[in-house]
């Protein structure tokens, strides 16, 4: 049997070291990551974290890189960045609150990413209308094969049309 004093010391050390992480990184803040299309893989600071939509707590004193990936779409990279909040304007600030990051918030609180389909070309090519038709037909094929949802199909077609409208 482990003597009670050792259990107490172990508990004290674990609380101390977890508190040190809070001082370095700040108290966690709840943030939301959403994407269109949904069900994109979310990587936070290089670590696989979940699928969109995702609500997660992140340390508020650090910047965080968010990478979204989904087959058929180009990856999207966004950032949560600590910015001074309204409490930062207070004349009197307390050391513990400052150490825990209470004077900063991660922005944006809700991150929205619209992912670009790989069917949207980088150039119009020699015959823009033929190229646009080819891309739209491929989107139609993906819909018929069940590779994309009707909502995703609409989104892809809108992206293709928007691209060719901007180039003319």
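The values are calculated or read from the model by the stated rules, or taken from the named source; none is laboratory data. These numbers come from a predicted model, not from an experiment. Note that we place each Cβ from the backbone using ideal geometry, even for glycine, and neighbour counts take in every protein chain shown.
Any idea which residue in region 82-116 is surrounded by the most Cβ atoms within 10 Å (Cβ to Cβ), counting only those that are at pLDDT 90 or above and in a strand (DSSP E or B)?
The qualifying residue surrounded by the most Cβ atoms within 10 Å (Cβ to Cβ) is 111.
Taking residue 65 as meeting all but one of (1) modelled with pLDDT of 90 or more; (2) farther than 30 Å from residue 139 by Cα; (3) not in a strand (DSSP E or B), write down the number of the exception.
Answer for residue 65: the failing condition is (3).
So which residues in region 140-165 are free of Cβ contacts under 8 Å to residues at least 40 places away in the same chain, farther than 20 Å from residue 113 by Cβ and assigned to a helix (DSSP H, G or I), if there are any at all?
Hits for region 140-165 are 140, 141, 143, 144, 150, 161, 165.
Quick test for you: out of 152, 158, 138, 147, pick the one residue that is exposed (fewer than 13 other Cβ atoms within 10 Å of the Cβ), within 21 Å of residue 75 (Cα to Cα) and at pLDDT 90 or above. Outline the logic, then answer.
Numbers: 152 fails: exposed (fewer than 13 other Cβ atoms within 10 Å of the Cβ); 138 fails: exposed (fewer than 13 other Cβ atoms within 10 Å of the Cβ); 147 fails: exposed (fewer than 13 other Cβ atoms within 10 Å of the Cβ).
The unique qualifying residue is 158.
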